[in-house]
Amino acid sequence: MTDVVDRPDPPPSPEPAGSSGPSVPEIATAAPPASAPIVLDRASRWYGNVVAVNDISFSLGAGITGLLGPNGAGKTTILHLLAGLLRPSSGRVLIGGRTAWRNPSIYRDLGLVPEREAVHAFLTGRQFVELAARLQGLPDPAAAAARAIATVELDQAADRPVGTYSKGMRQRAKIAASLVHEPPILLLDEPFNGMDPRQRLHMMDLLRSMAASGRTILFSSHILEEVERLADGILVIYAGRLAAAGDFREIRRLMTDRPHTFVVRSSDDRRLAAAFLGEPAVFGADLRDDRLTIQVTEFSGFTRIVARVARDTGVSLFEVAPTDDSLESVFEYLVTRR
Amino acid sequence: MNASGAVAAIANVTFRALLGRRRTLLMLLVAGLPVLLGLIVRADQERPRALVGALEGLIITSVLPLVSLIFGTAALGSELDDGTAVHILTKPIPRWTIVVPKLLVAAGLTAVMLVPSTILSGVLIGGTGSRQIGITFAFAIAALVGSFVYAAIFVALSAATSRGLVIGLGYSLIWEGILAGALPGTQLFSVREYLRGIVAAIGPKDTLVSVVGAQGFLLAAVAFVVVTTFACIRLARFEIRAAD
């Protein structure tokens, strides 16, 4: 199910995406059910005149959802709203049906892995995770901490001060502390920052297995590939607004099938431009300063015909390059597509 | 969870955080200044007035607010600013279980430095005559009470604003140092006046003249409770200071 928000028709009800197993999270953006583990209901947050989050609604069920957007889009603000660390300027934010703001009881069901690295440097990894277990009121903090440390594979370094940790180790210590009470809801802000590829794969496996056991996991990232590899559901945030929400593959298709512009270099640009204009996938060609720019209706349609057209016209292609493939332009397109 | 467990865990971490090597050395140095001065001046048993002036000027007006300010703002404010506090805030514990241990640790460390400093400098400056010992003892009690009231004020300031250190310094220097006591009626809102009242109440007769007198104890206790409650309320409404 994919829904580009703010369109006039209500979105279809969520349906399971059969190919990806049971961990596809249910994402609803219209009239989110208050009983869902995570709910933002017309939530906004502004700082003075600056709107950080603008009238966003969604609810999430069990599974892994990626919160994708460029830096400064409002991802961290959304996670802080969900974690009860920011008051919504308007709207509601619910965790497990309870108001998140000024309600410490939500932290029994919630684990937060903040992006900032700050941890008391003098504590060992084990002491840091045990502190979290104690503050959660767990009956055996030492055993719970040992389990969480083993889960993130930090055993070897657990008795060293956090101050001596690498960025990736610190990140794993934070993750261990946030899941020491085995919360049903886990929020992670840019969790893969600083991890090496092996740690990243291990962490992805860990999050997948947690999702498979019915947990609701929301993680933010500005890297499309991270979200693509891990998340089944996706929320795209751009400039404080929810640009798109739903199944990853659908949104990936939307991103790919949007209008594109290609720069083409060939042995005869003029002849090639004329040939392209006869194709339905192409709606414009511009030959200026020895540079041929082709406007196409969709990315994949053009890539299928480009070689054939060149061959048919007997022109040699030297270069075909999309001009606007930055994530920024993709997000902008999704927002303006409403 | 059991609140005493949370209080103990947070007190332990706060204690270790506050005893960073540089901060401790600096605070020991500041708290040791009156002792150093005492070593230079040495006992002059004929001049108890000088003792009162020295202890009031050095301990009550200068060193006590300064050491409290550093420990009080570091206990909570620096953790809120650098993000360390998030790991404690996102736990299912009432906010007073965060404020109270932090405040008590900051106050305790201030008192542990200030009370011996007061006694040592009092003996060095005033000698061991019974009147001088009485004066020194009264100032030591005032320093003990002041450690708690000032720590509460600076922890509350940290919970309310990210500029706790600067505002706290301004408050100590301008309000407590200059304005309070200079204008009629302001004494009721000045920690320094409460502490002067405590000295006047328990020190030898005519140690100093105070408007609040023995009520200093009561006023200090009320200020401590009010400010601590305010700190708990502010922390419950705390909004994270960094966003993307």
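The values are calculated or read from the model by the stated rules, or taken from the named source; none is laboratory data. Just so it is clear, the structure is predicted and the values come from calculations on it, not from any experiment. All Cβ positions, glycine included, derive from the backbone under ideal geometry; neighbour counts span all protein chains shown.
So which helices (runs of 4 or more DSSP H) are wholly in region A:141-231 and hold at least 3 residues that are touching a residue at least 60 places away in the same chain (Cβ under 8 Å) and in the same structural domain as A:I38 (by TED's automatic domain parsing)?
Because the criterion is at least 3 residues that are touching a residue at least 60 places away in the same chain (Cβ under 8 Å) and in the same structural domain as A:I38 (by TED's automatic domain parsing), the helices (runs of 4 or more DSSP H) in region A:141-231 that meet it are A:197-212, A:224-230.
Do we have any residue at all in region B:129-148 that's of a type in the set (F, W, Y) and within 14 Å of chain A (Cβ to nearest Cβ)?
no
Anything in region A:313-327 that is modelled with pLDDT under 65 and assigned to a helix (DSSP H, G or I)? List them, or say none.
The answer is A:L327, and nothing else.
Mind telling me which of the residues B:P92, B:P34, B:P101, B:P65 ends up being touching a Ser or Thr at 6+ places or on another chain (Cβ under 7 Å) and not in a helix (DSSP H, G or I)?
Matching residue, one of B:P92, B:P34, B:P101, B:P65: B:P92.
Name the single residue that is farthest from A:A211 (Cα to Cα) among those in region A:233-268 being free of Cβ contacts under 8 Å to residues at least 60 places away in the same chain, assigned to a strand (DSSP E or B) and not hydroxyl-bearing (S, T, Y).
A:R265
Give me the residue from region B:39-49 that is closer than 22 Å to B:A200 by Cα and not in a loop (DSSP other than H, G, I, E, B) and, out of that set, modelled with the highest pLDDT.
Looking at the filtered set, the residue picked out is B:R49.
Within region B:204-241, how many residues are exposed (fewer than 15 other Cβ atoms within 10 Å of the Cβ) and touching an Asp or Glu at 6+ places or on another chain (Cβ under 9 Å)?
Residues that pass the stated criteria total 1.
Return the residues of region B:58-79 that are over 18 Å from B:L28 (Cα atoms) and surrounded by fewer than 24 Cβ atoms within 10 Å (Cβ to Cβ); say none if nothing qualifies.
Listed by number, the residues that qualify are B:S78, B:E79.
Is there a residue in region B:21-34 that is of a type outside the set (A, V, I, L, M), under 25 Å from B:V209 (Cβ atoms), in contact with a helix residue (DSSP H, G or I) (Cβ under 9 Å, 6 or more places away or on another chain) and surrounded by 14 or more Cβ atoms within 10 Å (Cβ to Cβ)?
yes
Restricting the search to region A:131-175, which residues are within 11 Å of chain B (Cβ to nearest Cβ), touching a Leu at 6+ places or on another chain (Cβ under 9 Å) and more than 23 Å from A:F192 (Cα to Cα)?
Selection gives A:L131, A:P141.
Return yes when B:L144 is surrounded by fewer than 21 Cβ atoms within 10 Å (Cβ to Cβ) and within 24 Å of B:L173 (Cβ to Cβ) and no when it is not.
yes
Collect the residues in region B:217-244 that are touching a helix residue (DSSP H, G or I) at 6+ places or on another chain (Cβ under 8 Å), away from chain A (no Cβ under 14 Å), without any contact (Cβ under 8 Å) to a residue 40 or more places away in the chain and not hydrophobic (A, V, I, L, M, F, W, C), keeping them in residue-number order.
None - no residue of region B:217-244 is touching a helix residue (DSSP H, G or I) at 6+ places or on another chain (Cβ under 8 Å), away from chain A (no Cβ under 14 Å), without any contact (Cβ under 8 Å) to a residue 40 or more places away in the chain and not hydrophobic (A, V, I, L, M, F, W, C), so the list stays empty.
Residue-by-condition table, conditions (1) closer than 25 Å to A:P37 by Cα; (2) crowded, with 20+ Cβ neighbours inside 10 Å; (3) acidic (D, E):
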position: A:F58; (1), (2), (3): yes, yes, no
position: A:R87; (1), (2), (3): yes, no, no
position: A:G91; (1), (2), (3): yes, no, no
position: A:R98; (1), (2), (3): yes, no, no
position: A:Y107; (1), (2), (3): yes, yes, no
position: A:T124; (1), (2), (3): no, no, no
position: A:A143; (1), (2), (3): no, no, no
position: A:I149; (1), (2), (3): no, yes, no
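Can you spot a residue in region A:152-174 that is farther than 20 Å from B:V86 by Cβ, out of contact with any Gly (no Cβ under 9 Å at 6 or more places or on another chain), of a type in the set (A, V, I, L, M) and modelled with pLDDT under 95?
no
Being assigned to a helix (DSSP H, G or I) and more than 14 Å from chain A (Cβ to nearest Cβ) is the requirement here; does B:L76 meet it?
So B:L76 does not fit the description; no.
Can A:G96 be described as more than 18 Å from A:S178 (Cβ to Cβ) and either at the interface with another protein chain (Cβ under 7 Å from one of its Cβ atoms) or in contact (Cβ under 8 Å) with a residue 24 or more places away in the chain (or both)?
So A:G96 fails the test.
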